[in-house]
């Protein structure tokens, strides 16, 4: 399997992962809206605890989205480098600097 083929597989996996992240985010939004309908129907401590957990879930979804975007940028940079170099792969500048420090 060529490097380009492997990158295509990674791209598909990232698409699948992004779909899962977005589905989780939508589920958290729905849960938040449904929980707000319970305000006054459940005890205040329970309501606050559920809202806090939902907010934590939404923060995780935002963090995952940001990590996904960074992964996509990295794959795009690698694809561009492959195009420029006719398939020769060089480590990113940070990896080279880390090896010299260690």
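Where a number appears in this text, it was derived from the coordinates with a stated rule and is not lab data. A quick note: this is a predicted structure, and the numbers were derived from the prediction, not measured. Quick reminder, even Gly has a Cβ in these numbers, built from the backbone with ideal geometry, and neighbours come from all protein chains shown.
A few notes on this one:
- Some residue of the range 68-76 being in a helix (DSSP H, G or I) and farther than 18 Å from residue 13 by Cα: no
- Under the condition of being touching a helix residue (DSSP H, G or I) at 6+ places or on another chain (Cβ under 6 Å) and within 30 Å of residue 6 (Cβ to Cβ), the residues counted in the range 27-64 number 2.
- Residue within the range 14-30 that is in contact (Cβ under 8 Å) with a residue 60 or more places away in the chain and either loosely packed, with under 12 Cβ neighbours inside 10 Å or part of a helix (DSSP H, G or I) (or both) present: yes
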